[in-house]
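Here the structure is laid out as structure tokens; the discussion comes afterwards.
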Amino acid sequence: MTAHPERGRPAKPLPGRTGEGPEMDILSAIGLPADEVRAWQSATLAFAPPGKASDASLPGDADALRAHVERGEALVGRLPDAPARAAEERAAARGVREALRLARLTFLRSYAGIVYAELTGDFERGLRVDELCYAAADRYPGLVPTRAAVLAERRHAQMDKDAGVELDQGIFLSKVFDHPRAGAHLIHAMRRPTPAAVERLADFRARGEADLGVAHVARQGKAGVVELRNLRYLNAEDDAAVAALETAVDLVLLDPGLEVGVLRGGVVDHPKHAGRRIFQAGANLTHLYYGQIGLVEFFVTRELGYINKMYRGLTGPDFIPDEAETSDEKPWIAAVEAFAIGGGCQITLVCDRVLCEEDAYFSLPARKEGFVPGAANLRLAAIAGERVARQAILFDRAFDARQAEAAGLCDVVVPRGQMDSALDRAIREATDGGAVAVAAQRKALRVGAESIDTFRRYMALYVREQALCMYSDGLIANLQTYWNAQNRAL
């Protein structure tokens, strides 16, 4: 399979806004009706500027954006299907869609906070990130893609996605995070327990375990032990694993009888590693290559969901941003057996205690994958030093648990075969001081290390850049070169 020449990736907008410049020439030259091209290009999108936008100006400006997007997409719809487009037609489609994205961005610079407030009942109702995106799509047509549009593109391999609709989700969420109140409120909403966890809680407390498919959680004394069991993929993460892990983490945090969480990889049956526990193999790159990894459902939900809950705990229903941070949280222990690649390494950065088998290793192969490694760019330097962070993220250096440079990643090196007893000791040490005192100390440490506002600002950049990476030629080339993804089956 070769890279598709026309995709939703960003391109330099075609010049001209009056209908008389080169853009008009290109669009007319490929046979698009001149009157439709002129009507689209001559539309005046004079949105209220930031600081002057209001609830009163929103309906008119939203309607103008909707009409502009509809006309632009109608022009693209007149072109042949993507695989059959000539070079000039591919350039025209890219140019039109990039112009539409610029219009959305301009609108959101003025209205992101107002739109968010409207969708959440003036910050009274918490929406999860996917709910927010699809609520915005329903309420403001043309602003972000509908669920149906996202699912339609999900049928294609990543390289063959024509419209690039998740780029528009990235633009929308980035501007939400840029807004201090809206971004903080969304982070708060994503730290609420999931409905799936609330529904399972009573059964989990009665039985002491919950089988979530690709994840499992069980009570072990005062500890809730979460296992990732995506065994076919060496415990890599995909959309299903992210959802299951968040439910499992919620159950540990919700159960008052548990004082500490443990994250561990399940025993795999892969011929090379049969019978061994593997902590995590990073993102499911096969799913990514074939278009089955979602920007919202995987990348954003992962960071705002179970990882942030491990780091910051659960929140109550009330959003009170001016008060000191409150949360229901517990310490977390990671048991790293075999390796913690990519996302696995990212998870260890929010854990309070990391145990590593003596032959285990850590890596963040962002250079070979072609996307941003979660919040590792924010956290790794603070934990292991900036030089180590640059070596890992920019230059693909792996760290053996026994290396001195791995000291910031691993607290205890455990002889192979002795992880169970090491975990028992770590659980006792984490619970000896009492749950209340440990939670208070975690909060105090975190306030200085990474404030909510710092995390919000990071997410504003992260979601935008991750969306761009997902539609880059480099990502596809890397997956083909380093992962041989084109020859792997789903």
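The values are calculated or read from the model by the stated rules, or taken from the named source; none is laboratory data. These figures come from a predicted structure and were not determined experimentally. Counting neighbours? That spans all protein chains shown, and the Cβs are built from the backbone with ideal geometry, glycine included.
Somewhere in region 240-251, is a residue assigned by TED's automatic domain parsing to the domain that holds residue 304, under 23 Å from the mean Cα position of the chain (by Cα) and farther than 22 Å from residue 193 by Cβ? No, that holds for no residue. Within region 303-341, if we keep just the residues that are buried (at least 17 other Cβ atoms within 10 Å of the Cβ) and small (Gly, Ala, Ser), the residue that is modelled with the lowest pLDDT turns out to be 327. Does residue 355 satisfy being crowded, with 20+ Cβ neighbours inside 10 Å and at pLDDT 95 or above? The answer is yes for residue 355.
When residue 409 is tested against the conditions (1) modelled with pLDDT under 95; (2) surrounded by fewer than 19 Cβ atoms within 10 Å (Cβ to Cβ); (3) of a type outside the set (S, T, N, Q), the lone failure is (2). Regarding residue 87, is this residue over 19 Å from residue 172 (Cβ atoms) and either surrounded by 13 or more Cβ atoms within 10 Å (Cβ to Cβ) or touching a Phe, Trp or Tyr at 6+ places or on another chain (Cβ under 9 Å) (or both)? No: the conditions fail for residue 87. Checked against (1) surrounded by fewer than 22 Cβ atoms within 10 Å (Cβ to Cβ); (2) hydrophobic (A, V, I, L, M, F, W, C); (3) within 29 Å of residue 423 (Cβ to Cβ), residue 376 meets all criteria but (1). When the strands (runs of 3 or more DSSP E) confined to region 333-441 are screened for residues that are closer than 17 Å to residue 276 by Cβ and within 22 Å of the chain's Cα centre (by Cα), those reaching at least 2 such residues are found at 339-341. Using the structure shown, decide if residue 197 is in a helix (DSSP H, G or I), closer than 26 Å to residue 352 by Cα and out of contact with any Leu (no Cβ under 8 Å at 6 or more places or on another chain). When the stated conditions are applied, residue 197 does not pass them. Evaluation of residue 183 against the conditions (1) out of contact with any strand residue (DSSP E or B) (no Cβ under 7 Å at 6 or more places or on another chain); (2) over 19 Å from residue 332 (Cα atoms); (3) surrounded by fewer than 17 Cβ atoms within 10 Å (Cβ to Cβ); (4) not β-branched (Val, Ile, Thr) shows that the sole unmet condition is (3). Within region 283-302, the set of residues being surrounded by fewer than 24 Cβ atoms within 10 Å (Cβ to Cβ) and either farther than 30 Å from residue 484 by Cα or among the small types (Gly, Ala, Ser) (or both) comprises 291, 294.
Taking region 211-247, which residues are touching a Leu at 6+ places or on another chain (Cβ under 6 Å) and aliphatic (A, V, I, L, M)? Answer for region 211-247, where residues must be touching a Leu at 6+ places or on another chain (Cβ under 6 Å) and aliphatic (A, V, I, L, M): 215, 217, 226, 244. Entry remark, region 455-474: residues being farther than 13 Å from residue 167 by Cα, modelled with pLDDT under 95 and either assigned by TED's automatic domain parsing to the domain that holds residue 376 or buried (at least 18 other Cβ atoms within 10 Å of the Cβ) (or both) number 0 in total. Going residue by residue through region 159-180, is there one that turns out to be under 30 Å from residue 83 (Cα atoms), modelled with pLDDT of 95 or more, crowded, with 20+ Cβ neighbours inside 10 Å and among the acidic types (Asp, Glu)? There is at least one residue in region 159-180 that is under 30 Å from residue 83 (Cα atoms), modelled with pLDDT of 95 or more, crowded, with 20+ Cβ neighbours inside 10 Å and among the acidic types (Asp, Glu).
Annotation: of all residues in region 103-139 being in a loop (DSSP other than H, G, I, E, B) and either free of Cβ contacts under 8 Å to residues at least 60 places away in the same chain or β-branched (Val, Ile, Thr) (or both), the one that is nearest to residue 171 (Cα to Cα) is 120. Looking at 75, 143, 105, 127, just one residue is of a type in the set (A, V, I, L, M, F, W, C) and over 28 Å from residue 303 (Cα atoms), and that residue is 75.
For residue 172, the stated conditions hold: it is within 18 Å of the chain's Cα centre (by Cα), in a helix (DSSP H, G or I) and at negative phi.
Considering only residues in region 223-239 that are acidic (Asp, Glu) and in contact (Cβ under 8 Å) with a residue 40 or more places away in the chain, the one that is surrounded by the most Cβ atoms within 10 Å (Cβ to Cβ) turns out to be 237. Can you confirm whether region 135-143 contains a residue that is more than 27 Å from residue 53 (Cβ to Cβ), over 19 Å from the mean Cα position of the chain (by Cα) and small (Gly, Ala, Ser)? Scanning region 135-143 turns up no residue that is more than 27 Å from residue 53 (Cβ to Cβ), over 19 Å from the mean Cα position of the chain (by Cα) and small (Gly, Ala, Ser).
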